[in-house]
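Heads up, the thing below is written out as structure tokens.
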Ligand SMILES: [Zn+2]
């Protein structure tokens, strides 16, 4: 990837014609750029979009998938071509591993310290770290969290909560009260009295503090409340490709719009995190169709954010990921790789996520699994593949060459790869740097190679002074 330079396909004359102050600034040395822009480019608000678990190769495949299924470029791809935006790579390690989990990654962004995997804003020495949402609250600034996971999941939590273990979502939920103004996502189970183990009614606590509680798309659209608690599913929001049966759940771009318009309409500084959380989950499952559908849903949210902020020169937009996951990539297929494009085109014919299909089969294992896969995922299994899949679903050992892939999803991902052309390194996060793209005032801070902890430094310098 060509970082921090003009896109080669643009004629230089056109490029020069199109550049604005931000574009000119990107031609200067970093120090000169910083000095020039600090004086002029005040940041009133930051929108931070996270495609969770997006390996770098996903961006290329999402662009091809967008062309196939939407007949247009992905918005992130276009942003990479925009000479006014800045581009970089992020070093994502945690305190105790070259490979971070989402809790440590979001803590690095949220408090500026690398912590051990699994913990939220707790230093390896046991010191409690203050998340950025608490610092914003001290100044009476505003903060929002939007996600397709439970709202108490690791990535949103890293900005606003502290917990020794990320799974303590019941203890994370009350920490948002009065600290985060807009909360939109899944995870009703951690707020409702009848679902929490302590029986506490957090929804009432939030409504007493001035939040409007909404549970579906219609209520979200109609709400005018500046403070909002939107919980649209018990746990995570279902994969977008499985959401046809859930018409009342808003899409990520609708949640992003609801949150962002609340912040843009006021003069107060704000920080809004928007997470496409389930890109990561689809990568863990080696499910390329689910992953690309999630990535395009994230891309639509990015499109919405760019449209809404176009007339707000004091808003910085940053798009990135917290870590790679399983590093999917389209392989060269067939002689001279001539089959790759046709293999990739088959992905659009899949109509159900792996997890939904396997869950349906588990409810009635008498069903013909091979036929279900052919019907919903669009590819046949060989006799050997079918036998191996049934063996591992029966929790019996199979011949394994890679321990990480020795699970039903890993095997199905490998078999799917024979038809879709997409291979996977495993079923877990990876150490690769993530891509960062920034647009707006001070966007040059995100050029080149940055460290995940730099995000906190930049955000606190820009918003808190
Ligand atoms: Zn993950």
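Test residue 267 against the criterion of being more than 19 Å from residue 206 (Cβ to Cβ) and in the same structural domain as residue 132 (by TED's automatic domain parsing), and give yes or no.
Details: more than 19 Å from residue 206 (Cβ to Cβ): yes; in the same structural domain as residue 132 (by TED's automatic domain parsing): yes.
Answer is yes for this residue.
Look at region 181-196: where a residue is without any contact (Cβ under 8 Å) to a residue 12 or more places away in the chain and assigned by TED's automatic domain parsing to the domain that holds residue 275 and a partner is assigned to a loop (DSSP other than H, G, I, E, B) and surrounded by fewer than 18 Cβ atoms within 10 Å (Cβ to Cβ), sitting 6+ places away or on another chain with Cβ atoms under 7 Å, you get 193/199; 193/200; 193/201. Against the condition surrounded by fewer than 22 Cβ atoms within 10 Å (Cβ to Cβ), under 30 Å from residue 412 (Cα atoms) and in contact with a strand residue (DSSP E or B) (Cβ under 6 Å, 6 or more places away or on another chain), how does residue 246 come out, does it pass? So residue 246 does not fit the description; no.
Against the criterion of being more than 16 Å from the ligand (Cβ to nearest atom), touching a helix residue (DSSP H, G or I) at 6+ places or on another chain (Cβ under 8 Å) and farther than 23 Å from residue 109 by Cα, residue 258 qualifies.
May I ask you to say which residue of 287, 280, 253, 299 is modelled with pLDDT of 95 or more and in contact with a strand residue (DSSP E or B) (Cβ under 7 Å, 6 or more places away or on another chain)?
Of the residues listed, the single one that is modelled with pLDDT of 95 or more and in contact with a strand residue (DSSP E or B) (Cβ under 7 Å, 6 or more places away or on another chain) is 280.
Scanning region 306-329 for residues that are closer than 26 Å to residue 68 by Cβ, buried (at least 24 other Cβ atoms within 10 Å of the Cβ) and more than 16 Å from the ligand (Cβ to nearest atom) yields one hit, 319. Whether a residue is more than 16 Å from the ligand (Cβ to nearest atom), closer than 23 Å to residue 133 by Cα, in contact with a strand residue (DSSP E or B) (Cβ under 6 Å, 6 or more places away or on another chain) and at pLDDT 95 or above was assessed, and residue 110 does not pass this test. Of everything in region 46-59 that is under 20 Å from residue 306 (Cβ atoms) and assigned to a helix (DSSP H, G or I), the residue that is nearest to the ligand (Cβ to nearest atom) is 58.
Return the only residue of 289, 283 being within 16 Å of the ligand (Cβ to nearest atom), in contact (Cβ under 8 Å) with a residue 60 or more places away in the chain and in a helix (DSSP H, G or I). First the steps, then the outcome.
Details: 289 fails: within 16 Å of the ligand (Cβ to nearest atom).
Just one listed residue meets the conditions, 283.
Residues of region 389-402 that are closer than 23 Å to residue 289 by Cα and surrounded by fewer than 20 Cβ atoms within 10 Å (Cβ to Cβ): 390, 392, 393, 402. Confirm whether residue 303 is under 18 Å from the mean Cα position of the chain (by Cα), more than 16 Å from the ligand (Cβ to nearest atom), crowded, with 20+ Cβ neighbours inside 10 Å and in a helix (DSSP H, G or I). When the stated conditions are applied, residue 303 does not pass them. Just one of the numbered conditions (1) within 16 Å of the ligand (Cβ to nearest atom); (2) not in a loop (DSSP other than H, G, I, E, B) is not true of residue 135: (1).
Within the bounds of region 330-339, is there any residue that is under 30 Å from residue 411 (Cα atoms), touching a strand residue (DSSP E or B) at 6+ places or on another chain (Cβ under 8 Å), within 16 Å of the ligand (Cβ to nearest atom) and touching a residue at least 40 places away in the same chain (Cβ under 8 Å)? First the steps, then the outcome.
Applying the first criterion (under 30 Å from residue 411 (Cα atoms)) to region 330-339 yields 330-339.
Next, only the ones that are touching a strand residue (DSSP E or B) at 6+ places or on another chain (Cβ under 8 Å) stay: 330-331.
Going one step further and asking which of them are within 16 Å of the ligand (Cβ to nearest atom), we end up with none.
Checking region 330-339: not a single residue is under 30 Å from residue 411 (Cα atoms), touching a strand residue (DSSP E or B) at 6+ places or on another chain (Cβ under 8 Å), within 16 Å of the ligand (Cβ to nearest atom) and touching a residue at least 40 places away in the same chain (Cβ under 8 Å).
Residue 295 meets all of the listed conditions (1) in a loop (DSSP other than H, G, I, E, B); (2) within 16 Å of the ligand (Cβ to nearest atom); (3) within 27 Å of residue 84 (Cα to Cα) but one, namely (1).
The values are calculated or read from the model by the stated rules, or taken from the named source; none is laboratory data. Since we're looking at a predicted model, the values are computed, not measured. With ideal geometry, Cβ positions are generated from the backbone for all residues, glycine too; neighbour counts draw on all protein chains shown.
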